[in-house]
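Engineer: Questions regarding the structure given below will be posed in turn.
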Amino acid sequence: MQQDDVKQAAASRNTVPHWFNPDHPHLDIRDGDGAYVTDADGNRYLDGVSQLFCVNAGFDNQTIIDAMVEQLHKAPYVTPSQYNDTRQQLSEAMLEKAPDSMGEVYFAVSGSEANEAAVHFAREYTGSHKILTRWRSYHGWNYGTSSLTGNGWSSSVIERNAATTGAQQFLPPMSYRSPFDADTPEELAEKAADHVEFVIRNEGPDSVAAILMEPIAGASGAYTAPPGYFERLRELCDTYDILLIADEVITGFGRCGEWFGIQTENVEPDMITCAKGLTSAYAPLAGVMVSSEISEYLRDDGVPLGQTFGGHPVGCAAGLAAISEYENGLLENVRSVSPYLEERLRELEDAHDVVGNVRGRGFLWSLAFSKPGTEEPVVDPRTENTDNPVEAVADHAATDGDLLVWPGRPQTQIMVAPPFCLTRADVDQI
Ligand code: PLP
């Protein structure tokens, strides 16, 4: 199907203009159940990307809805400086699932704010200013986090000015389109970690507060690190007294087959930030989990995190219910269905020259589109919202496959990150 035909087919459905690209139609989603959503015309789609890695427990989840309604009746709001039993129970449930190093939870409203809080804590705790992040990472849209975000599309030149924000990027351990010349994953881990050490020493170890990194890259394309890389990062952080912060806004709460993405790397971070899957996006809620040492420091000397809507009780009720849903079968489903999802996606790499690379973990996958026989993207990653053939693939999937997928950022790929209730038949549809 040609790109124009796809556009025409898309236009025949009841769509509304894209919020920043009027040429690109958006579906008018009205309803949902399980892994499926329905548009205003009654067309049903498999939501292959969970509304951007959010609705992990699926749509119309009665357990979560009931918990939220019950909380609304009991106590719709209790200010964060006061005790609230639902908030307390959620903290305990989160810490139970988290790596042992985590000792306390602070609540925020969005992933961006959780990351800003983590940076705030890291600077207070270490007395240092700089934060190292991965090139092409995404950490949020606020003033602070858009400077931490290692891509050009979501931050202005001023926000990315390292002199004012203290954010400094390093090259990621990508195995595809790699900035490193390595023959094996072990060599890649070594070279990429040596590079991080170079950046630390070049910046001056005393000036660096933290390394902030997604355990498995999210929007930039489900990149997993080569074995040993995160262990080396942990060692570097210990050597130079730098904190390791895992941004688990996407990977937290089961998306990669463990409760937290960093657990798939066998590394204990100093802080974990989370949002999206925490409540399965039934309510806006985010968290920063900190180590016992940092928690002790914050209690004694630090400035507490206090946003009016941070730890909103209705969000906390949704979080508790979502965790119980993950616990009662959904996480197990990710573990049992993901090998089949991987197998079927990898078939596409063999079947189509243009699918250059398939990578990911659990229910977080990316198909990179490349000019056949090369690792060169089919579209220049610096161009956005033009006549992008990858956008056309996503439109084609929706109009002819009743499937929602997402061209990540950069838009050189198709991302697949379905709700945790996905079945093997759903995998076949994808
Ligand atoms: N960190 C990561 C890894 C994300 O993917 C996102 C959002 O997509 C954020 C942080 C920002 O979260 P929010 O949009 O809730 O502010």
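Engineer: What does the highest-first list of 232-245, 116-129, 71-84 look like by mean Cβ count within 10 Å?
Structural biologist: Ranking, from highest mean packing down: 116-129, 232-245, 71-84.
Engineer: Let me ask something additional. Give me the net charge for the shell around residue 31: Cβ to Cβ below 10 angstrom, other residues only, Lys and Arg +1, Asp and Glu -1.
Structural biologist: With Lys, Arg at +1 and Asp, Glu at -1, the net is -1.
Engineer: Go through segment 280-388 and name the GluC sites (Glu not before Pro) that are in a DSSP coil and have 13 or fewer other Cβ atoms within 10 Å of their Cβ.
Structural biologist: Filter output for segment 280-388: 375.
Engineer: Cut-off is 10 Å between beta-carbons; in what order do 136, 409, 177 appear when sorted fewest neighbours first?
Structural biologist: Placing the least packed residue first, the sequence is 177, 409, 136.
Engineer: Next up: Tell me the net charge near residue 71. Cut-off is 15 Å between Cβ atoms, residue 71 excluded, with +1 for each Lys or Arg and -1 for each Asp or Glu.
Structural biologist: Around residue 71, the charge tally is -1.
Engineer: I'd like the FRET efficiency for residue 183 and residue 83, computed as 1/(1 + (r/R0)^6) with the beta carbon distance as r and R0 of 51 Å, rounded to 0.05.
Structural biologist: FRET efficiency, residue 183 to residue 83: 0.35.
Engineer: Still on this model: Calculated FRET efficiency, residue 402 and residue 124, Cβ-Cβ r, R0 56 Å, to nearest 0.05?
Structural biologist: Between residue 402 and residue 124 the formula returns 0.65.
Engineer: Evaluate E = 1/(1 + (r/R0)^6) for residue 387 and residue 44, where r is the Cβ-Cβ distance and R0 equals 25 Å; express this FRET efficiency to the nearest 0.05.
Structural biologist: 0.30
Engineer: Continuing with the same structure: Can you tell me the dipole magnitude for the chain around its Cα centre, using point charges on the Cβ only (Lys, Arg +1; Asp, Glu -1), in Debye to the nearest 20?
Structural biologist: With Lys and Arg at +1 and Asp and Glu at -1, about 660 debye.
Engineer: Starting from the Cα of residue 380, step 7 Å along the direction of its Cβ; do the same at residue 26; then give the gap between the two resulting points in nm.
Structural biologist: According to this spin-label approximation, the distance is 2.7 nm.
Engineer: Starting with the highest mean, order 193-205, 274-286, 247-259 by the number of other Cβ atoms within 10 Å, averaged over the residues of each peptide.
Structural biologist: 247-259, 274-286, 193-205
Engineer: Show me 29-42, 207-220 ranked by packing, highest mean number of other Cβ atoms within 10 Å first.
Structural biologist: 207-220, 29-42
Engineer: Take the Cα gyration tensor of the chain, multiply each eigenvalue by 5, square-root it, and list the three semi-axes largest first, rounded to whole angstrom.
Structural biologist: 33, 28, 19
Engineer: Still on this model: Pulled fully out, how much extra length does the chain show between residue 202 and residue 346, if you take 0.36 nm times their separation in residues and subtract their Cα-Cα distance?
Structural biologist: 47.9 nm
Engineer: Given the options 339, 250, 38, identify the residue whose Cα lies farthest towards the positive end of the charge dipole of the chain (+1 on Cβ of Lys, Arg; -1 on Cβ of Asp, Glu).
Structural biologist: Farthest towards the positive pole: 38.
Engineer: Give a quick list of trypsin sites (Lys or Arg not before Pro) in segment 315-383 that DSSP marks as loop, anything other than H, G, I, E or B, with at most 16 other Cβ atoms within 10 Å.
Structural biologist: Loop-located and lightly packed - 382.
All of the numbers you see were taken from the coordinates with simple rules; none came from a lab. Here the structure is a predicted model, which is why all the values come from computation and not from measurement. Methodologically, a virtual Cβ is constructed for each residue, glycine included, from the backbone with ideal geometry; neighbour enumeration extends over all protein chains shown.
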